[in-house]
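The values are calculated or read from the model by the stated rules, or taken from the named source; none is laboratory data. Keep in mind that this is a model prediction, so the values were computed, not measured. Don't worry about glycine lacking a Cβ; one is built from the backbone with ideal geometry, like all the others, and counts go over all protein chains shown.
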Amino acid sequence: MKKITVLGVTGSIGTQTIDVVTGHPDEFEIVAMSAGHNIKKLEEIMNQLPVPHICVLEQKDYDYLSEKYPDRHFYLGQEGLIQISTLEETEIVLNAIVGFAGLLPTIEAIKAGKDIALANKETLVVAGHIIIPLAKEYGIQLLPVDSEHSAIFQSMHGEYPREISKILLTCSGGSFRDKSLDELKDATVEQALNHPNWSMGAKITIDSATLVNKGLEVMEAKWLFDVDYDDIEVLIHPESVVHSMIECTDTAVIGQLGTPDMRLPIQYALTYPHRKPLINSKRLSLSDIGTLHFYKPDTERFKALPLAYRAGRIGGSMPCVFNGANEEANQLFRDGKIKFLEIVDLIEEAMNAHTVVENPSLDELIKIDADARAFVRKKVGL
Ligand code: NAD
Ligand code: MG
């Protein structure tokens, strides 16, 4: 039995993790889990699985649950997230929290020797320079859950890292793939949330529409696979069948294909290096699909992508600014406070106003993240 702590259990990745775990009750056991604000969903999961250790964000939820479920152990806030990520019995922490908030529990879990299944890409974007050396120092496994990175990871097995020349990162193009710049000006939240291929949390769905998500994934790939930015190429692939590829020095291209189902990369991160049947899955039928398309992204309409490369190449604290400004602007767009195209404009302005700190410490990152958010709010008069 693999003993798992799931952070962000009520979200899109979290609930699909429950699906994977309940599909293999002899393989996996969730020993701890955390939720943000969706307590109804959390209680549903609690009724389904006898998870003993549970962390919530709000004092009122903590009080309510502690009284109603006296046989379980409850934890609170950031401190609680760290406590359930470092429990003696936990072997692997699946981090499916959204945003910067996932960083601290990841760091503490690594220091406690836990393997990490990482969906929370923001962690690597802002602090890859801390996480990667720490993972090496503590000898833990850092397993990607993001579908593209899982595909790259799967494609790399049996290859020598030195003999991989390039990463081909595929991208559905998001909900606005075929919209003109003019149409994007008045794009609504509802339209942006309507992703063609994947059903995901709100923040990442908006990030997919701006292509910020692909930008974050470029930086995530840089850290996970130790490649130069020049060797990461983004390809628009509307069908989301080829989840990503590698190119080797002899020009061989190797990729992982499948239906768009996040449960596969989630499960693979938990079963690695083995594979298990994926319960209730659909097999890929290439003859039904018939044709696959690939083309270069339009960086005029989607300037988040070149901006992310710029942030990544500058390095130091710049990716943290890119991420923090985006988290704030993404939320402001969802709250109806700014327009769609302003999201990326604000990221760019925050980056332009920032003086880079080389090799920022965790404390510096916390401050830089807060400053980037404050900059964005101030820019829009909040
Ligand atoms: P989501 O919004 O559906 O769920 C987020 C979870 O984190 C929820 O349980 C929520 O309660 C919790 N949470 C939110 N803010 C928190 C905070 N400040 N402190 C503690 N907990 C908090 O998000 P999601 O779509 O499941 O995405 C989670 C992560 O996985 C993101 O980093 C995203 O980029 C990544 N990811 C998601 C998908 C997907 O298909 N959904 C695919 C690839 C990567
Ligand atoms: Mg992805």
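Data overview
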quantity	calculated
Count of residues meeting criterion [in a helix (DSSP H, G or I) and crowded, with 21+ Cβ neighbours inside 10 Å] in region 25-44	1
Qualifying residue in region 253-263 (condition: surrounded by 15 or more Cβ atoms within 10 Å (Cβ to Cβ) and in a helix (DSSP H, G or I))	yes
Only one of Ser175, Ser155, Ser150, Ser165 that is among the hydroxyl-bearing types (Ser, Thr, Tyr), touching a residue at least 24 places away in the same chain (Cβ under 8 Å) and part of a loop (DSSP other than H, G, I, E, B)	Ser175
Enumeration of residues in region 337-369 that are farther than 21 Å from Leu184 by Cβ, among the β-branched types (Val, Ile, Thr) and in contact with a Ser or Thr (Cβ under 6 Å, 6 or more places away or on another chain)	Val356, Val357, Ile368
Residue in region 207-228 that is touching a residue at least 60 places away in the same chain (Cβ under 8 Å), outside any helix (DSSP H, G or I) and farther than 28 Å from Ile130 by Cα present	no
Residue within region 87-106 that is out of contact with any Ser or Thr (no Cβ under 7 Å at 6 or more places or on another chain), of a type in the set (S, T, N, Q), more than 12 Å from ligand 1 (Cβ to nearest atom) and at pLDDT 95 or above present	no
Condition broken by Ile132, with the remaining ones in (1) in contact with a Ser or Thr (Cβ under 9 Å, 6 or more places away or on another chain); (2) more than 16 Å from ligand 2 (Cβ to nearest atom); (3) touching a residue at least 24 places away in the same chain (Cβ under 8 Å) satisfied	(1)
Conditions (1) within 13 Å of ligand 1 (Cβ to nearest atom); (2) part of a helix (DSSP H, G or I); (3) crowded, with 24+ Cβ neighbours inside 10 Å: number failed by Ala117	(2)
Filtered residue count, region 95-114, keeping only those that are touching a Leu at 6+ places or on another chain (Cβ under 7 Å) and more than 20 Å from Ser361 (Cβ to Cβ)	3
Elements of type helices (runs of 4 or more DSSP H) in region 305-382, at least 2 residues being within 29 Å of Asp182 (Cβ to Cβ) and under 21 Å from the mean Cα position of the chain (by Cα)	318-334, 340-353
His274 more than 30 Å from Glu91 (Cα to Cα) and free of Cβ contacts under 8 Å to residues at least 60 places away in the same chain	no
Number of positions in region 301-323 that are closer than 14 Å to Thr355 by Cβ and surrounded by fewer than 19 Cβ atoms within 10 Å (Cβ to Cβ)	3
Residues that are farther than 17 Å from Asn359 by Cα and within 16 Å of ligand 1 (Cβ to nearest atom), drawn from region 123-151	Leu142, Leu143, Pro144, Val145, Asp146, Ser147, Glu148, His149, Ser150, Ala151
